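To start, the structure under review is shown below, and the notes come after it.
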Amino acid sequence: MLTRSLRNFAKASFVNSVGRLPVSSRPFEKLACWIRFSRWCITRGRSAGKFRAFPDLTRKNREQLYEDVVQREGLENEIVDFIEFGVFRGESIRRWCQLLDHPETRLVGFDTFTGLPEQWLANPAGTFSTDGKPPKIEDARCSFQVGLFQDTVPIFLRRFQRRKRLVLHLDADLYSSTRYALHSMGPLLQPGDLLFFDEFSSPADEFRAFEEFLQAFGFQHEVLGAVNSFTHVCIRLS
């Protein structure tokens, strides 16, 4: 009886405390995301093998991840639709142009090129701007859709027909932008398609958007690789 009373008292105390927190309490939401992210790293991320984590955040590790996945998945000579959300100066899409050899592969980058539309972590709105100018990439297979995702993605999808493998590179940083990209592309995605995340270790943003995408579309997933302490992650849908 005493144990039950203590349990009920603890439950009531928790509900009365947490239930009075503001619905939009960012610290509380972030804590919950960090707990789920930590659990995901332990339970799902362990399958990433040798590319699980490196101590230093380096571009080299990210490119090693690209190269490893391309080789293991046989993407070099496969027809691929590579779509990137968040381009900035084009470092990643330029590298993918080099890695994907098939002449019928298409590479499309979405960005405003005027920087973040809102603050992300310590980065104010406007960070990562290139003054509205897409990068110059000498590859006829590569093109850019300039503008906010909600303005450019629906128009693009009305005429887009996927071929074989679809590879999404998600580097929009923000939860709202990443969620929009994933949910817009969701109906086109199939088992075997690949998702690359560039800021996955920001649990309240890219990780949270990925969680909600899985809940909405019912995919299972396998972690093919993760570097820089789960900042850059590759996931294969199943």
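The values are calculated or read from the model by the stated rules, or taken from the named source; none is laboratory data. Everything numeric here is computed off the predicted structure, so don't read it as measured data. We place every Cβ from the backbone using ideal geometry, glycine too, and count neighbours over all the protein chains shown.
Looking across segment 70-86 at every residue that is in a strand (DSSP E or B), of a type in the set (A, V, I, L, M, F, W, C) and closer than 13 Å to Cys97 by Cα, the one that is nearest to the chain's Cα centre (by Cα) is identified as Ile83.
Go through segment 81-122 and give me each residue that's in contact (Cβ under 8 Å) with a residue 24 or more places away in the chain, among the polar types (S, T, N, Q) and closer than 23 Å to Lys60 by Cβ.
So in segment 81-122, the residues in contact (Cβ under 8 Å) with a residue 24 or more places away in the chain come out as 81-97, 99-113, 116-118, 120-121.
Then keep just the ones that are among the polar types (S, T, N, Q); that gives 92, 105, 112.
Selection gives Ser92 alone.
Do the conditions hold for Glu138, that is, is it more than 17 Å from Glu76 (Cα to Cα), within 18 Å of the chain's Cα centre (by Cα) and surrounded by fewer than 18 Cβ atoms within 10 Å (Cβ to Cβ)? So Glu138 does not fit the description; no. Assessment of segment 21-33 against the conditions (out of contact with any Leu (no Cβ under 7 Å at 6 or more places or on another chain), surrounded by 15 or more Cβ atoms within 10 Å (Cβ to Cβ) and modelled with pLDDT of 85 or more) yields at least one matching residue. Can Gln161 be described as surrounded by fewer than 19 Cβ atoms within 10 Å (Cβ to Cβ) and free of Cβ contacts under 8 Å to residues at least 12 places away in the same chain? When the stated conditions are applied, Gln161 passes them.
Looking only at segment 101-134, count every residue that is crowded, with 16+ Cβ neighbours inside 10 Å, farther than 28 Å from Glu73 by Cα and not aliphatic (A, V, I, L, M) and tell me the total. Lay out the reasoning, then the answer.
From segment 101-134, those crowded, with 16+ Cβ neighbours inside 10 Å are 105-116, 120, 128, 130, 134; that's our starting set.
With farther than 28 Å from Glu73 by Cα added as a condition, the list becomes 112-116, 120, 128, 130, 134.
Then keep just the ones that are not aliphatic (A, V, I, L, M); that gives 112-115, 120, 128, 130, 134.
Residues in segment 101-134 being crowded, with 16+ Cβ neighbours inside 10 Å, farther than 28 Å from Glu73 by Cα and not aliphatic (A, V, I, L, M): 8 in total.
The single condition among (1) out of contact with any helix residue (DSSP H, G or I) (no Cβ under 9 Å at 6 or more places or on another chain); (2) of a type outside the set (Phe, Trp, Tyr); (3) closer than 15 Å to Ile235 by Cα; (4) at pLDDT 85 or above that Arg46 does not meet is (4).
Return a yes/no flag: does segment 207-230 have any residue that is surrounded by fewer than 16 Cβ atoms within 10 Å (Cβ to Cβ), small (Gly, Ala, Ser), within 21 Å of Leu100 (Cβ to Cβ) and at pLDDT 95 or above. No.
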